[in-house]
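Student: Shown below is the structure under consideration.
The values are calculated or read from the model by the stated rules, or taken from the named source; none is laboratory data. Since this is a predicted model, take the numbers as computed values, not measurements. No Cβ is skipped: glycine too gets one built from the backbone with ideal geometry, and neighbour counts run over all protein chains shown. Areas reflect the complete protein model, heavy atoms only, side chains present, ligands, DNA and RNA absent. Shrake-Rupley method; radii C 1.70, N 1.55, O 1.52, S 1.80 Å.
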Protein chains: 2
Amino acid sequence: MSERILAGTLREKDIDQLVLLKGWVQKRRDLGGLIFIDLRDKSGIVQVVFNPDNSKEALEVAETVRSEYVIQVEGKVVIRDEGTINPVMGTGKIEVMATDISILNKAKTPPFLIEDESDVSEDLRLKYRYLDLRRSALQDTFKLRHQTTQVVRNFLNDDGFLEMETPILTKSTPEGARDYLVPSRVHNGEFYALPQSPQLFKQMIMMGGFEKYYQIARCFRDEDLRADRQPEFTQIDIETSFMTSDEIMAMTEKMMKNVMKDVKNIDISLPLQRLPYNEAMERYGSDKPDTRFDMELIHVTDILADSSFKVFQSAIESGGKVCLLNVKGQAANYSRKDIDKLTDFVKVYGAKGLAWLKIEGDELKGPIAKFLTDEEKTGLVGQASAEDGDLLLFSSDKTSVVYDSLGALRLKLGKDLQLIDKSKFNFLWVTDWPLLEYDEGLERYFAAHHPFTMPVEEDLDKLSTDPGSARANAYDLVLNGYELGGGSLRIHKKEQQDKMFEVLGFTKEEASEQFGFLLDALEYGAPPHGGIALGLDRIVMLLAERSNLRDTILFPKTASASDLLTDAPDEVSEEQLDELSIQVKKKL
Amino acid sequence: MSERILAGTLREKDIDQLVLLKGWVQKRRDLGGLIFIDLRDKSGIVQVVFNPDNSKEALEVAETVRSEYVIQVEGKVVIRDEGTINPVMGTGKIEVMATDISILNKAKTPPFLIEDESDVSEDLRLKYRYLDLRRSALQDTFKLRHQTTQVVRNFLNDDGFLEMETPILTKSTPEGARDYLVPSRVHNGEFYALPQSPQLFKQMIMMGGFEKYYQIARCFRDEDLRADRQPEFTQIDIETSFMTSDEIMAMTEKMMKNVMKDVKNIDISLPLQRLPYNEAMERYGSDKPDTRFDMELIHVTDILADSSFKVFQSAIESGGKVCLLNVKGQAANYSRKDIDKLTDFVKVYGAKGLAWLKIEGDELKGPIAKFLTDEEKTGLVGQASAEDGDLLLFSSDKTSVVYDSLGALRLKLGKDLQLIDKSKFNFLWVTDWPLLEYDEGLERYFAAHHPFTMPVEEDLDKLSTDPGSARANAYDLVLNGYELGGGSLRIHKKEQQDKMFEVLGFTKEEASEQFGFLLDALEYGAPPHGGIALGLDRIVMLLAERSNLRDTILFPKTASASDLLTDAPDEVSEEQLDELSIQVKKKL
C-alpha cells in the first residue's frame, strides 16, 4: 500500500487508484447491506463504501464504528453512479470502495455534532474546544490566519525587515491599561509585568541600530473583557528608523494589499484614502468610519443659528452643534414608534432626544416643523439634498455627543436598511490625531496614544503654549468601521521627551523612575523612528467574515478571562506561593 | 536628492553617483584640514570625506560631530587614492565626498566603545543593551536568527504545516520545572501559569483535527539559571498526526538540512546517524555525544574481572564497571601533576579517583601497573589498541559515575588537545530513551521526558511488569555535543494514559484534577500523534558560533533573572496588589 493520501483531494483523475486514507468518521449510514462512511481529514471529506463483495471482514469492522472514530481505510477510487453524484462536495463524483479498515482510536458520542451550524452554547464548545475546532468553519479560519501571517512575513522579509523577539517578562509601567503581573521568586516582593505591547522594546531595537523590525507579538491587557477583547492578543508589530510617516503608511498599505490579494483574491487600489481625524468626526461621527455606505452627517448649525426651537437654541448657545442624517426615502417606513426606538438607541450615547422631519411632497412634517421658518426649511432641504420621502434625524448637543450619537445611529441604520455591501473591503487612514486628551476629573493631560508619540512638526511649540490643540504624527488604519491598528513617529530627542512627560504631569523623578532607560537611550544617538501595530486577531476576524474574536483565537478565554478547556486560572499549592513569598488575601 | 542608500552596499560600480546616507558616526578623524567620518548603518560602514573645497559649511558641521551621532550626509561616490584603499572593508575601494551634512540626533560619549572586541563587563553591556546591539557581531547574530527562523517556517509551510498560536496564560501543572505564576484579578486566589512548553495544547490541536502544527513558541521556566538557561526561551514546536517516529525524524532532518544549507552554506548528508541511548552512553559516556572526535570509552570490566587492584575489584563486585580513555600519544605530555588536575576534574562528576597507565615501549608504567597480571596487561593493550606513548585513564565505579566522569573528561581532553574540528557540524539522533526514571529518595517513578510519551510498541506490557526497563518512542537531536531538542510519539489511547499516570503514582482523582481535559480528549477520537521541539536559541548559538546563550536573545536576563536595561522585575504599587488580592510576605 502506498502513502496516505488526503481524503478531500480525491477527484475523477484518481479513479482506479488504490488509496490509503486516515481520518475521522464524519457520518456512517447503513443502506441495503452496504455501509457508507464519510471519512474526514484536514483536507475535507470523501465517501467510503463497504460492500460484502469486496471484504466481509472490512464490512464487519465498519459496522462497529461510530461518529468521530479515528480510522484507517484502504480501498479503490471508483466513479459514483449517476444518481448518487453530490455536486456540493469536491469529491462528490467519486467514492472509495473499501478493501480494509482499522480502527486507530474509538470515540464516545461527542456532546455536540461536529457541524458548522451548531446551536449549542459557546461555553460547551469552549470546554470541548478540540471538538469545536474540527468544524470546517474553524478549520478554514485558522488556515486563513496562517496564510495571513505568512503573507505579512513574506512581505516584510522581502522589504528587509528582521523578525525579532522581545521579552514577555518585562517591567510594569503605568500610563496604559492594567498589567498582568508575575511575582519574582529570586527577587521577593518584586514583579514582572506581561507586555501590553512591545512599544519600548521596539524603540530600543531602533536605538540598537536594526532599522527595520517586526514581530507577530503576543500582548496582554488585564481589562474587563468585551466581545472584541481578549486578555492576550496578537499584533503585527513593526518599527523602522529613518522613514517618514508617509513612507510607513505606504509600506503598510502595500502589505495589506498583498494580504487582500493572496488571502481573499481582492485587489485594493493604492494609495488608500486618508481622512484627518477632524474630518472623519465631522463627516461620519466616528474616528473609524465605515465608508461602505454614505449617509454622512449633515451640518446645519449655521442654518439654525437663530432657531426658535429651544433644544437647538440651547445646544448652539452653549457652543454645541446641530447635525442631521438624511435617511433617503425612508419617511414612510419609520412610524412614530420606530423613531421612538431610535431615540432610545441614541440616548445610550448621551443624546437627550432625536428630533425628526419627514419630507412629504414640498412639505416638512414632524413635531419640530412648526418651529422652523421658511428660510430655515429651505436651508435644511438644500443642505441635506432632501427629497420627497426622505427622513431627517437631528442631533443637537455638545459636539462630542452629536458625533457619538449620530455616528452610532448611522451604523445602525446602515445595517438595518442593508445599505452595506458586505463584499466591500474599505480601507482608509485616519490621520492628524489629537496628541493629548484632557481629563477634567483628574485635571491633567493624558497621551491620546502613548507618551512617546511625536507631535506633527508645526505643532511642536504648542506643547508649551496650548498642548490640547497639538496634533500627533500618528495614523490609524481602518477597515469597514473597525480600527485595525495604528502607529506614529516617536519622539527621538531627549528634550522633547522630557517636555512630553512634563506636560503629562510627571516630575523629573517619576519620569526617570519609570522611563529612565528610555530617556538615557535618547541621549546616545537615537535615530528618528516610527512604526505601526495592527491587530492580527481583528484582521483575521474581518477577512474570515466572523463576528466573534474568539473564533480567530485557537484557545480563547471567556468574558471572565477563563479557559474552560483546561480550567485556568486555578488554585495553586501553598508551596508555590511560599516560594514566591506572596499570599492570597481573604476577601473582606 | 534621490532615496537614501545603505552605506555598506556602496561599491566601485557606484562611482560618480550622488548619494544620500543616514546612520551613525562610527569614528571621526581630522587629518590635514580634511575630516573623515566612518558612517555606519545596518548594512555596514562607508568612509565619508569632508573637504573645504566641496563645502565649507558641511566641514564646519562635521567638526562638531562625535561618535554615535546620528547624521544624514549627501555626497558623491569617488574612488579612493591607491594608497588609502582598505581591502578589509567591502566599501574599501571608494569613499563619499560630502557636499552636505545634517545632524539628526546627538550622542553623549557612550560608556563603552561600539566595537567587536569589547572587554567591558557584561552587566554594563546589558544595561546599555541598545549600544551593545550596535556591534556588528550582534547585528550578524540577529540576522542569522531571523534567517534561521524563516528557513524553518518556509520548510514547514511548504510541507503543509499551519503556524498556530497557543496561550501564554495557562494552567499550572506539576510534573515539570517550576512555573511562573500570574495572579488572576477576576478570580481572586487563582493563578495562571506561563507555559513551560505548549505540549498539551499542541496535543489538543491534533485532537482538533489540524494534523500538522508548528509554532515558534515562547516558553518559560522559573529555574535557577546556568550559563545556557534563560527564564524565557524559544522553541521550534512541531506536532503531527498519523506520522511514525521515523517520518517525524526524517522531516526534521530535512528541515535542519535546509537550515544548514541556507544559513551556513554547509551540506549535511541524510539520513543522520542514529544512536540508541544505551550505545551513546557506552561509547561516549553521554546522551548527547560530541562526535566530532573519537576517543570513545573503552570497556575493560571483563578483562579486569579478577583484578587484584582493590578499587577495580570493589567497583566490579558491586555491579559497576571499569572503562578507560586512550589519550593517544599524550603519555609524555601529562605529568603526575597534570593527571592530579584531571583527577580533581572527574571528582566533580562523582568519581573517587582516576587510575592511569602510560605505555612506554612495551611496558605499562604507573601506580596501578604492579596490580596487573601479564594477561590483564595484554588484554588492556589489545582492547585499547594502545601503542607506545599512549596515556590510559581509568574510571571504575557504578556505571553512571563511570559514564559521567569519563564522558566529561573526554570532552575536556578533546578541547584541551584541540581534537575538535570546529568547522564540523555533527548532527545525530539519540533514540530508544528510557521511558521512566526511578527516584530512590521519593520511591517513585518520574517520566524521563513527560508523562504523555508513548512507550515503544514492544515495551507496552512492561508498564505493568517492569516499568523501569520500558523504552520511550522518543528521539533527541544532538549537534556537536549539545541537545538541540527532542520529541516523541504521544499516548493517544485513554487506557494507556491512565496506566501511565498509575505508574507515576497518581491517584485517579489527582490525574483527573490535573489532566482531566486531556483524559477526556483521548476519549473523543484522538488521532495517533507525535512531534518534536527544538531550542531555537541554542541552534542560533551554535550556528552563530557564539558561546553564550545571552548573545542570541535580544533582551536577555542575567543569572538572577533580571533585565538590567529596564530594571525588571521591580516593585509595584499597593493598588496593583490590592486588585489582585495578594500581598507580599515579609521574609522571616
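Student: Checking A:Glu510 against (1) of a type in the set (D, E, K, R); (2) surrounded by fewer than 19 Cβ atoms within 10 Å (Cβ to Cβ); (3) touching a strand residue (DSSP E or B) at 6+ places or on another chain (Cβ under 7 Å): exactly one of these is not met. Which one?
Tutor: Evaluating A:Glu510 over (1) of a type in the set (D, E, K, R); (2) surrounded by fewer than 19 Cβ atoms within 10 Å (Cβ to Cβ); (3) touching a strand residue (DSSP E or B) at 6+ places or on another chain (Cβ under 7 Å) leaves (3) as the failure.
Student: Among (1) in a strand (DSSP E or B); (2) under 17 Å from A:Asp294 (Cα atoms); (3) among the polar types (S, T, N, Q), there is one condition A:Ser423 misses while meeting the rest; what is its number?
Tutor: The one condition A:Ser423 does not meet is (1).
Student: Let me ask something additional. Scanning the range B:87-105 for residues that are in contact (Cβ under 8 Å) with a residue 24 or more places away in the chain and part of a loop (DSSP other than H, G, I, E, B), which turns out farthest from A:Leu522 (Cα to Cα)?
Tutor: Applying the first criterion (in contact (Cβ under 8 Å) with a residue 24 or more places away in the chain) to the range B:87-105 yields B:89-91, B:93-105.
When the remaining residues are screened for being part of a loop (DSSP other than H, G, I, E, B), the result is B:89-91, B:93.
Working: B:Met89: 30, B:Gly90: 30, B:Thr91: 29, B:Lys93: 34 Å.
The residue in question is B:Lys93.
Student: Just to check your reading of the model, which residue among A:Ala448, A:Ala472 is outside the structural domain of A:Ser314 (by the TED database), aliphatic (A, V, I, L, M), within 28 Å of A:Lys347 (Cα to Cα) and surrounded by 12 or more Cβ atoms within 10 Å (Cβ to Cβ)? Please lay out each step first, then the result.
Tutor: Numbers: A:Ala472 fails: within 28 Å of A:Lys347 (Cα to Cα).
Result of the check over A:Ala448, A:Ala472: A:Ala448.
Student: If you don't mind, another one. Which members of the range B:418-445 meet the condition of being among the hydroxyl-bearing types (Ser, Thr, Tyr) and buried (at least 16 other Cβ atoms within 10 Å of the Cβ)? Give the derivation first.
Tutor: Just the residues of the range B:418-445 that are among the hydroxyl-bearing types (Ser, Thr, Tyr), to begin with: B:423, B:431, B:438, B:445.
Result: B:Thr431, B:Tyr445.
Student: Select from the range B:177-216 the residues that are more than 17 Å from A:Arg218 (Cα to Cα), open to solvent by 30 Å² or more (accessible area, probe 1.4 Å) and either at pLDDT 95 or above or among the acidic types (Asp, Glu) (or both) and list them in ascending order.
Tutor: B:Glu190, B:Lys212
Student: Report yes if A:Leu542 is aliphatic (A, V, I, L, M), assigned to a helix (DSSP H, G or I) and without any contact (Cβ under 8 Å) to a residue 40 or more places away in the chain, otherwise no.
Tutor: On the way: aliphatic (A, V, I, L, M): yes; assigned to a helix (DSSP H, G or I): yes; without any contact (Cβ under 8 Å) to a residue 40 or more places away in the chain: no.
Considered against the rule, which asks whether it is aliphatic (A, V, I, L, M), assigned to a helix (DSSP H, G or I) and without any contact (Cβ under 8 Å) to a residue 40 or more places away in the chain, A:Leu542 comes out as no.
Student: A follow-up question, please. Among the residues of the range A:225-252, write down those that are charged (D, E, K, R) and open to solvent by 10 Å² or more (accessible area, probe 1.4 Å). Before the answer, list the steps.
Tutor: Residues of the range A:225-252 charged (D, E, K, R): A:226, A:228-229, A:232, A:237, A:239, A:246-247.
Across the range A:225-252, the qualifying residues are A:Arg226, A:Asp228, A:Arg229, A:Glu232, A:Asp246, A:Glu247.
Student: Here's another thing I want to ask about it. Of all residues being among the basic types (Lys, Arg) and open to solvent by 30 Å² or more (accessible area, probe 1.4 Å) in the range A:125-176, which is farthest from the other protein chains (Cβ to nearest Cβ)? Just the residue, please. Full working, then the answer.
Tutor: Restricting attention to the range A:125-176, the residues satisfying the condition of being among the basic types (Lys, Arg) are A:125, A:127, A:129, A:134-135, A:143, A:145, A:153, A:171.
Next cut, open to solvent by 30 Å² or more (accessible area, probe 1.4 Å) only: A:125, A:127, A:143.
On the way: A:Arg125: 12, A:Lys127: 8, A:Lys143: 6 Å.
Applying the filter and picking the extreme gives A:Arg125.
Student: Kindly provide the set of residues from the range B:316-346 that are open to solvent by less than 10 Å² (accessible area, probe 1.4 Å) and over 33 Å from the mean Cα position of the chain (by Cα), ordered by number.
Tutor: Residue satisfying the conditions is B:Ala331 alone.
Student: Also, quick follow-up: When you check A:Lys415 against the structure, is it on the phi < 0 side of the Ramachandran plot and modelled with pLDDT under 95, yes or no?
Tutor: Numbers: on the phi < 0 side of the Ramachandran plot: yes; modelled with pLDDT under 95: no.
It is false that A:Lys415 is on the phi < 0 side of the Ramachandran plot and modelled with pLDDT under 95.
Student: Can you tell me which of A:Glu74, A:Glu63, A:Glu82 is free of Cβ contacts under 8 Å to residues at least 24 places away in the same chain and out of contact with any Gly (no Cβ under 7 Å at 6 or more places or on another chain)? Show your work before the answer.
Tutor: Working: A:Glu74 fails: free of Cβ contacts under 8 Å to residues at least 24 places away in the same chain; A:Glu63 fails: free of Cβ contacts under 8 Å to residues at least 24 places away in the same chain.
The conditions single out A:Glu82.
Student: Being of a type in the set (S, T, N, Q) and either in the same structural domain as B:Gly485 (by the TED database) or open to solvent by less than 70 Å² (accessible area, probe 1.4 Å) (or both) is the filter here; which residues of the range B:385-417 pass it?
Tutor: Looking only at the range B:385-417, we keep the residues that are of a type in the set (S, T, N, Q), and these are B:385, B:395-396, B:399-400, B:405.
The answer is B:Ser395, B:Ser396, B:Thr399, B:Ser400, B:Ser405.
Student: Shifting gears a bit: Looking at the range A:479-494, is at least one residue within 14 Å of chain B (Cβ to nearest Cβ), part of a helix (DSSP H, G or I) and under 26 Å from B:Val70 (Cβ atoms)? Walk me through it before giving the result.
Tutor: Our first condition is that a residue be within 14 Å of chain B (Cβ to nearest Cβ); within the range A:479-494, this holds for A:489-494.
From the residues that got through so far, the ones that are part of a helix (DSSP H, G or I) too are A:494.
Checking the rest, the ones that are also under 26 Å from B:Val70 (Cβ atoms) come to A:494.
Looking through the range A:479-494, at least one residue is within 14 Å of chain B (Cβ to nearest Cβ), part of a helix (DSSP H, G or I) and under 26 Å from B:Val70 (Cβ atoms).
Student: Do you know which residues across the range A:179-208 are at the interface with another protein chain (Cβ under 7 Å from one of its Cβ atoms), of a type outside the set (S, T, N, Q) and touching a residue at least 60 places away in the same chain (Cβ under 8 Å)?
Tutor: Scanning the range A:179-208 gives A:Pro183, A:Arg185, A:Gly189, A:Met204, A:Met207.
Student: Let me ask something additional. May I ask you to list the residues in the range A:325-339 that are of a type outside the set (Phe, Trp, Tyr) and part of a loop (DSSP other than H, G, I, E, B)? First the steps, then the outcome.
Tutor: To start, the set of residues in the range A:325-339 that are of a type outside the set (Phe, Trp, Tyr) comprises A:325-333, A:335-339.
Result: A:Lys328, A:Gly329, A:Gln330, A:Ser335.
Student: Looking at (1) modelled with pLDDT under 95; (2) more than 30 Å from B:Leu200 (Cα to Cα); (3) buried (at least 20 other Cβ atoms within 10 Å of the Cβ), which one does B:Asp306 not meet, given that it meets all the others?
Tutor: The one condition B:Asp306 does not meet is (3).
Student: Could you please find all residues in the range B:533-588 being open to solvent by 20 Å² or more (accessible area, probe 1.4 Å), within 7 Å of chain A (Cβ to nearest Cβ) and aliphatic (A, V, I, L, M)?
Tutor: Across the range B:533-588, the qualifying residues are B:Val572, B:Val584.
Student: In the range A:27-56, which residue that is surrounded by 19 or more Cβ atoms within 10 Å (Cβ to Cβ) and of a type in the set (S, T, N, Q) is modelled with the lowest pLDDT?
Tutor: Taking the candidates together, the pick is A:Ser55.
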